[in-house]
Amino acid sequence: MSATLAEILTTIDRLWPFAGAESWDASGLVSGDPAAPVRRVRFAVDAVAATVDEAIDAGTDLLITHHPLLLRGVTSVAEDRYKGALLARLIRADCALISAHTSADVVEHGTSAVLARALGLTGVTPIVPAANPDLGLGRVGRLPEPTTLGRLARRLAEILPATATGVRVSGGFDDPVATIAVCGGAGDSLLADPAVRGADLYITADLRHHPASEAREQAILGNGPALIDVSHWASEWLWLAAGADELRTAHPDLEIEVSDLRTDPWDFQVVQ
């Protein structure tokens, strides 16, 4: 059996409501005929050449990505530009494209919640609650037993898929940590949030020099967390399996797969 693309889109909007996305976001249907039948679905973090090729080669009818291909406006989808080329390949292969970006960040089992669960955090709440206090950006919780920053960083390296940039840490190796704030994806905009400032450790991705430096200088004064910076892709890849499970429960007749292709943009690192 199969479902129509429109039916799956309705399910996705129920699981990860598009209305809950940030105002700047572009979650939703990117391409595809809503009336088309869908039998095989694949999840990936990014719509890039590798994941599009993988989906088409596997006979996928619908590619669901976390990151929107058209997040920033374009004025052309000519095929000498990569976004146009990817869309053309998907359309010719009858493979639809849907993105669930910040709409999948804020839900109960979203990107940050999955990372918090992988770390075993308890008493988890959003860093930035929505109108429904169970929903919102980021998560903060406590470890069942305190540990050290170094041990926690090593554990995180085991949980996340390997990348060239690995796990970068700002803080003392033996510093104690018990309360941890996490935000999948780029999270330096939350560095000043009271929930983050009150944590022992903040785990996120894409930390820039100045916000990270200022946060650590503030921590020296006794008001701020240690920092762990991980790959943006890796921090959100964990959610794919959780998202696939939720969609599989709603549509048990679909064939649903998760891409394990590494779409982190960095290939290697030279350590000085």
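Observations, loosely collected:
- Pick from the range 146-193, criterion free of Cβ contacts under 8 Å to residues at least 24 places away in the same chain and more than 21 Å from Gln269 (Cβ to Cβ), ranking: farthest from the chain's Cα centre (by Cα): Arg151
- Test for Ala96: is it outside the structural domain of Leu152 (by TED's automatic domain parsing) and either within 18 Å of the chain's Cα centre (by Cα) or surrounded by 23 or more Cβ atoms within 10 Å (Cβ to Cβ) (or both): yes
- Residues within the range 220-237 that are outside any loop (DSSP other than H, G, I, E, B) and surrounded by fewer than 19 Cβ atoms within 10 Å (Cβ to Cβ), tallied: 1
Rundown of residues vs (1) within 29 Å of Leu261 (Cα to Cα); (2) part of a helix (DSSP H, G or I), yes/no style:
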| site | (1), (2) |
| --- | --- |
| Thr165 | yes, no |
| Asp174 | no, no |
| Gly185 | yes, no |
| Ser189 | yes, yes |
| Val196 | no, yes |
| Ile203 | yes, no |
| Leu207 | yes, no |
| Arg216 | no, yes |
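- On the stretch given as the range 55-77, residues that are crowded, with 18+ Cβ neighbours inside 10 Å and either closer than 14 Å to Ala26 by Cβ or not small (Gly, Ala, Ser) (or both) total 10.
- Selected residue (criterion: modelled with the lowest pLDDT) from residues of the range 92-120 that are assigned to a loop (DSSP other than H, G, I, E, B) and among the acidic types (Asp, Glu): Glu108
- When the residues of the range 244-272 are filtered to those that are in contact (Cβ under 8 Å) with a residue 12 or more places away in the chain and over 21 Å from Asp53 (Cα atoms), the one that is surrounded by the most Cβ atoms within 10 Å (Cβ to Cβ) is Leu247.
- Sole residue being surrounded by 15 or more Cβ atoms within 10 Å (Cβ to Cβ) and farther than 14 Å from Ser235 by Cα, chosen from Ala153, Ala181, Ala195: Ala195
- Any hit, the range 194-211, residues being among the charged types (D, E, K, R) and either in contact with an Asp or Glu (Cβ under 7 Å, 6 or more places away or on another chain) or within 30 Å of Glu54 (Cα to Cα) (or both): yes
The values are calculated or read from the model by the stated rules, or taken from the named source; none is laboratory data. If you're wondering where the values come from, they're calculated on a predicted model, not measured in any experiment. In this analysis, Cβ positions are derived from the backbone assuming ideal geometry, glycine residues included, and neighbour counts consider all displayed protein chains.
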